[in-house]
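The values are calculated or read from the model by the stated rules, or taken from the named source; none is laboratory data. These numbers come from a predicted model, not from an experiment. Because the Cβ atoms are built from the backbone with ideal geometry, glycine has one as well, and the counts that use them run over all protein chains shown.
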Ligand code: SF4
């Protein structure tokens with residue numbers, strides 16, 4: 001282990017964090033607090049910068065509390081703003097039985113939530129319904145992020161979702177021409193035909209929220225070496241469309257691109273540019289108009305990323321401690337392997353195992369050891385210096401506990417009205 005860690009720097013206050021991004025509070029829930037304590041105690045025995053390392057405690061014996069699960073790399077759209085374009089439609093698949101075995105193994109060792117997202121379109125996975133039902137039978141919290149092309153498959157599993165689960169559709173437009181230009185679906189499908197299926201799902205089961213995700217894009221934004229279509233002017237139309245089709249909310253977030261150096265996801269706007277000011281003013285006008293459509297049953301959410309952009313506070317989320325502790329609590333399982341962070345899907349420097357990393361006892365032990373090695377060697381201060389990381393706050397919170405383990409005894413479990421284990 002390196003012994004040159006900078007430790008006692010405190011991050012600036014992060015006033016933009018919404019409750020779903022308050023990961024420190026989530027780790028203090030009574031069911032997760034024992035894992036947090038075990039992790040901190042382990043770190044105090046192996047970190048030379050916090051005392052005399054004894055190395056006596058073993059690597060904590062628990063799986064991630066939460067994972068992002070990419071069911072497939074296959075996608076039936078060709079979105080111009082896709083941050084995962086390089087890893088789509090690869091000829092690599094799960095052995096389905098091993099995938100289920102991995103989920104069971106992780107569940108038995110502390111997994112509590114799964115966000116089905118990313119890589120490709122989850123509803124194109126042949127065993128989509130089977131996997132969702134299996135996870136619900138295991139007692140996991142489950143959320144699904146979809147491009148909307150598989151609404152029939154979402155309807156098939158709707159009866160199994162609970163109050164704390166959620167579904168979010170990445171639609172990003174208020175009119176069909178913009179939807180077509182941004183998403184380039186490979187078969188005939190329209191924005192309206194997707195939204196029209198939401199009320200039917202609500203009729204099956206109104207308990208879980210369904211969201212309309214709107215990534216704001218602006219003129220001049222680039223990704224994958226190409227300009228992307230602007231949708232900024234359609235935010236209000238998208239809001240009306242969502243409300244009229246019984247979505248529970250629209251979530252507005254800024255467009256992300258990839259950094260050249262290490263492929264990390266970053267915001268493509270420089271706070272010093274004139275263009276930044278103009279874009280921010282227009283976004284605010286649109287959000288304010290959209291908010292006029294809010295009711296008791298329909299909300300307009302400005303995401304943490306959007307608020308930090310507007311507050312010019314992105315740099316508060318970029319200064320990471322050297323150690324990223326969240327790698328132990330939240331990982332990404334994809335057909336391409338197991339990774340330490342959603343930002344580093346399919347990046348070698350974030351890899352902790354292959355697609356069967358938690359499929360049996362031996363793999364589980366290896367993966368925990370690999371994770372421990374990465375906790376030591378992955379330098380988040382350097383690797384993530386351009387990333388506006390929503391885990392920045394919780395990483396510093398854990399870092400502080402490692403330096404002041406006496407605070408562990410004062411930590412009290414904080415039950416939430418509806419437990420939320422998504423990290
Ligand atoms: S510091 Fe943030 S961006 Fe970097 S690996 Fe950790 S969670 Fe991911």
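What number of residues in the range 316-344 are in a loop (DSSP other than H, G, I, E, B) and free of Cβ contacts under 8 Å to residues at least 60 places away in the same chain?
So the answer is 2.
Which numbered condition in (1) surrounded by 20 or more Cβ atoms within 10 Å (Cβ to Cβ); (2) part of a helix (DSSP H, G or I) is the only one that residue 193 fails?
It is condition (1) that residue 193 fails.
(1) buried (at least 17 other Cβ atoms within 10 Å of the Cβ); (2) within 21 Å of residue 366 (Cβ to Cβ); (3) at pLDDT 95 or above: which one isn't true of residue 43, the others all being true?
So the condition that residue 43 fails would be (3).
Can you tell me which residue in the range 304-321 is farthest from the ligand (Cβ to nearest atom), limited to those that are modelled with pLDDT of 85 or more and within 22 Å of residue 66 (Cβ to Cβ)?
The extreme case among them is 321.
Just give me the residues in the range 343-367 being more than 13 Å from residue 333 (Cα to Cα) and within 21 Å of the chain's Cα centre (by Cα), in sequence order.
Across the range 343-367, the qualifying residues are 348, 349.
Which of the numbered conditions does residue 376 fail, given that it passes all the others? Conditions: (1) within 16 Å of the ligand (Cβ to nearest atom); (2) surrounded by 20 or more Cβ atoms within 10 Å (Cβ to Cβ); (3) outside any loop (DSSP other than H, G, I, E, B).
It fails just one condition, (2).
Sort out which residues of the range 406-421 are more than 15 Å from residue 38 (Cα to Cα) and out of contact with any strand residue (DSSP E or B) (no Cβ under 9 Å at 6 or more places or on another chain), and write them in order of number.
Once the filter is applied, which keeps residues that are more than 15 Å from residue 38 (Cα to Cα) and out of contact with any strand residue (DSSP E or B) (no Cβ under 9 Å at 6 or more places or on another chain), the range 406-421 yields 414, 415, 416, 417, 418.
Which condition number in (1) within 16 Å of the ligand (Cβ to nearest atom); (2) in contact (Cβ under 8 Å) with a residue 60 or more places away in the chain; (3) under 17 Å from the mean Cα position of the chain (by Cα) is the one that residue 420 fails?
Here residue 420 clears every test but (1).
Which residues, counting only those in the range 80-102, are free of Cβ contacts under 8 Å to residues at least 60 places away in the same chain and under 19 Å from the mean Cα position of the chain (by Cα)?
Selection gives 88 alone.
Here are some conditions: (1) within 12 Å of the ligand (Cβ to nearest atom); (2) more than 24 Å from residue 26 (Cα to Cα); (3) not in a helix (DSSP H, G or I). Residue 389 meets all but one. Which one does it not meet?
(2)
So if I check each of 167, 145, which one is in contact with a strand residue (DSSP E or B) (Cβ under 9 Å, 6 or more places away or on another chain), crowded, with 21+ Cβ neighbours inside 10 Å, in a strand (DSSP E or B) and at negative phi?
After ruling out the rest, the residue left standing is 167.
Pairs please, first residue from the range 378-395 and within 12 Å of residue 350 (Cβ to Cβ), second anywhere and more than 9 Å from the ligand (Cβ to nearest atom) and in a helix (DSSP H, G or I), Cβ atoms under 8 Å, 6+ apart in sequence or on different chains.
Listed pairs, sorted by first residue: 378/349; 383/349.
Filter the range 322-345 for residues that are more than 14 Å from the ligand (Cβ to nearest atom) and over 27 Å from residue 34 (Cα atoms) and give the result.
Within the range 322-345, 334, 335, 336, 337 meet the criteria.
So residue 131 clears everything in (1) out of contact with any helix residue (DSSP H, G or I) (no Cβ under 6 Å at 6 or more places or on another chain); (2) surrounded by fewer than 23 Cβ atoms within 10 Å (Cβ to Cβ); (3) not in a loop (DSSP other than H, G, I, E, B) except one condition, right? Which one?
In the conditions (1) out of contact with any helix residue (DSSP H, G or I) (no Cβ under 6 Å at 6 or more places or on another chain); (2) surrounded by fewer than 23 Cβ atoms within 10 Å (Cβ to Cβ); (3) not in a loop (DSSP other than H, G, I, E, B), residue 131 misses (2) alone.
When you look at residue 381, is it within 15 Å of the ligand (Cβ to nearest atom) and either within 19 Å of residue 27 (Cβ to Cβ) or at pLDDT below 90 (or both), yes or no?
No; evaluated as a whole, the condition is false for this residue.
For the range 346-357, what are the residues that are over 24 Å from residue 388 (Cβ atoms) and either near the ligand (Cβ under 10 Å from one of its atoms) or not in a loop (DSSP other than H, G, I, E, B) (or both)?
353
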